[in-house]
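The values are calculated or read from the model by the stated rules, or taken from the named source; none is laboratory data. As the structure is a prediction and not an experimental result, all values here were calculated from the model. For neighbour counting, all protein chains shown are included, and Cβ atoms are generated from backbone atoms with ideal geometry for every residue, glycine included.
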Amino acid sequence: MGDDAEIGNEAWGEAREDALEALRHALMWELPEPSWHEVASAVSEMALAIVAGSADLLSRSTGSLELCSPLRTQTRAGEGKDSSKPAPKPVQEQIAVTIKDLTRAGDLKPGR
């Protein structure tokens, strides 16, 4: 039983570090306006994962966020850099709050 807890803590720690890195990168992105809605949705999922203490959900939502990256968005949408803008203020704030919550959740144990 102790091994399961250690595995869970390790999974949470890895998911948390990946999420923090993706969120910090997202603050520097420039994207077309519709893509910022997708970012906001992914960040909302990350917030739910933090509350649930779910490493799996955090990893999945981090993957969703990473799919919103400028390279993928511009390739997928066929839109160039000209239509891209920094994150709107509400999205910046949402990302900042999620980073803060993840930083505070460093010792959070999955399934607490």
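Observations
- Considering residues of segment 9-38 that are surrounded by fewer than 15 Cβ atoms within 10 Å (Cβ to Cβ) and among the aliphatic types (A, V, I, L, M) only, the residue farthest from the chain's Cα centre (by Cα): Met28
- Selection of segment 65-94 for residues being in a helix (DSSP H, G or I) and either of a type in the set (Gly, Ala, Ser) or modelled with pLDDT under 95 (or both) yields Pro70, Leu71, Arg72, Thr73, Gln74, Thr75, Arg76, Ala77, Lys81, Asp82, Ser83.
- Where a residue in segment 45-59 is closer than 10 Å to Thr98 by Cβ and its partner, wherever it lies, is among the aliphatic types (A, V, I, L, M) and not in a helix (DSSP H, G or I), with Cβ under 8 Å and at least six apart: Ile50/Leu108
- Residues being part of a helix (DSSP H, G or I) and modelled with pLDDT of 95 or more - total across segment 18-44: 18
- The set of residues in segment 55-69 that are of a type in the set (Gly, Ala, Ser) and buried (at least 22 other Cβ atoms within 10 Å of the Cβ) comprises Ala55, Ser61.
- Lone unmet requirement of (1) at pLDDT 90 or above; (2) more than 28 Å from Ser83 (Cα to Cα) for Gly2: (1)
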